[in-house]
Structure formats: structure tokens, C-alpha cells
Ligand SMILES: [Zn+2]
């Protein structure tokens, strides 16, 4: 088993950039287990974007609180060092996920529910693409905690920017208060409550694993204001920004898929990309968790690779209030795609992604094993 662990640790280091999730130790255990079922294969980076810079190789952490690596040049004020040990506090149990609403029945409903409000949380010359190997709701083939946000893989010290106007409500670290599943999880972080409300609810954006925090609680921020610097504090493998959107409450149980909130990027000929969201249920309408979904380009105006994603892994990952989707993809070049779901039967639909718009697709399938 020791050999397995060693090889796996090596693989973890070379794999795409990764984020927070349970402790690295338990990740190793999971992975070792997965290897014995031959399920711990490397994940191809099925993105259309340029491959982001690989993270600086880091030692796989052996404690829930890995050593803090500070930016080498940090002219901005920094917080005192994070405690390297201390009691771990779990998030309050009363933070139950919101009750799911009625799903969107059709495209008209989905179009009316669009809300691409947010700018990118890193500067244009940084890696502005969402990491495709660990999207919202993904468990990375069972190796990690279901992901409550998305990653922007960037070197330590990259500025982290406010994505919309708002007020800073958290600026510090999570050594005393659990903003994730436990304390010492997100490391240094900032949370901004947006000025704009959504269906009468507050919207929060969370920026985690920072090497330095420069925002202060109570500060008013505009889009593009610097909040801190990319790092890998808390439970993180390699420097990256973990970014979340939370609706209704600033709670780990109230996240939504950021890909449905970020303004689509612009591709060839200045054409905006679009987004795709969908819902996969069994024949009775029950949501199916962690099911593979493949999105293949058919006729698309620029070179685009297939995307391999999964439906949200469990009920703690929320669909959008109106959509109630259980998978979503942003930044898709406009064009025609085949969307496939494979259970015991193969299901496929053709969809058209329009520039700057959200496309909606619904699958009712025989559940695996039915
Ligand atoms: Zn993350």
C-alpha cells in the first residue's frame, strides 16, 4: 500500500490544480482506495482554453493545516500568520440547504432566469478561465469533497478582484469561524455582500486560500477593486483562487454554481460565449447525483473540445433558485453541441448555444441500475 500512496502522491502533485476539500490525508486515503478499483485515473483537461500554468509543485500536506506560503513580494498589509494548530470547529448544523423550488420546464423559463452579473475575480492578464477538472458540484471522480465553488488557477501573489459592487463582510481567516465545512479550511478569505439583491435575497461572493488579505470589513468595493492575493492557505494543493457565490445566507450550504453568475468571456471575432445548464432526473423526477454528462461540439465557430462533467454530487449543492439545474457549464463558444447522459441507456440531445445566453436542457432517464 505504501507504494500506492507514494505513486498517488506523485500523481496528485502533477494533476491539475486543485482545491479545497477534505484534508489532504483523507484525500490520499480516498485515492488509495480508488486506485484499488482502478478509478483514480488522471483527468484530461477538456477545456478550450489555454492550459493554465501548472501550480508550483508543493508537498502534499500531512496535516489539515498546511504550511502557509506567503507571496515573496507583498507590499500590501498582511494578516498575522495563520495558526498552524488549534481546535477545528465545524460549521453550524442549522445552516440547512435551501428548499429546492420548481424546476424550469423550458427554455423561455431559463432565458428569463439569466443573471450573468459578475466580472472575473482575477485581472485580464491572469488565468481568467474556470478550471475544468473540478467544477461546481464535482467530486473529481470520488476523490474529493463535493466542490462548492470553482477554481481560478494562478500563481501566488496574483491580485484577487471584487466581481461586483458590494460591502466586505468577512476579511481575515477561518481559524475561529467556519465559513466552509470546518475551520482551517479556506485559510485567508474575503466575503463580499453584493449591493444588488437577487429575488429579495442577499448575494455573497467568497474568495478563499488567499496569501494576503487587503480588504477590510465594512469597506465598500467596486468591480475590479483588489481584495487580496492568490495563495494556498487552508486546505489547498497548489496556489489558486477558490471562488463561490452564495445566495440568501453567507453559508457553505447556500452556494450556487458561479458559472451561471460570471459574465461569459468573449471568443473569436469578439463574439461572447454562452452557457449551458440542465437537469437530469430519473423517470419519477428524482434528481440523479454525480452522473457523467458529456458536451461535444458539433458545429462551433472556433476549435472547441468536448467537456466531461458530472451532475451535482449531492443535495448540499444547490441549483439556481428558478432553474433548479443539476449541471452547468459557462464559457461555451456559440454553436451546436451534443449533450449526452449515459446510464444503463444512452441519452443524447442536440442543443444550440447562443452568444451571451443561457441554453437549457432537460433529461429524464432510467437511473443507473434500473
Ligand atoms: Zn475550490
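Shape of region 287-345 from its Cα gyration tensor (a ≥ b ≥ c, root eigenvalues): rounded if a/c is under 1.5, otherwise prolate when a/b > b/c, or oblate?
Values: a/c = 2.68, a/b = 1.59, b/c = 1.69.
It comes out oblate by the Cα gyration axes.
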Relative contact order of region 268-365: what whole-number percent is it, with Cα pairs under 8 angstrom and at least 6 residues apart? 41 percent
Restricting to Cα pairs below 8 Å that are 6+ residues apart, what does the relative contact order work out to for region 85-160? Please round to a whole percent. 24 percent
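Does region 218-368 come out rounded, prolate or oblate by the C-alpha gyration tensor, with a ≥ b ≥ c the root eigenvalues, rounded set by a/c under 1.5 and, if not, prolate when a/b is larger than b/c and oblate if not?
Details: a/c = 1.96, a/b = 1.28, b/c = 1.52.
Oblate, since a/c reaches 1.5 and b/c is not below a/b.
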Anisotropy class of region 96-203 from Cα gyration tensor, a/c 1.5 cut: rounded
Given a Förster radius of 25 Å and the C-beta distance between residue 367 and residue 95 as r, what FRET efficiency does 1/(1 + (r/R0)^6) yield to the nearest 0.05? 0.30
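Values quoted throughout were computed directly from the atomic coordinates according to the rules given, and no laboratory measurement underlies them. These figures come from a predicted structure and were not determined experimentally. In this analysis, Cβ positions are derived from the backbone assuming ideal geometry, glycine residues included, and neighbour counts consider all displayed protein chains.
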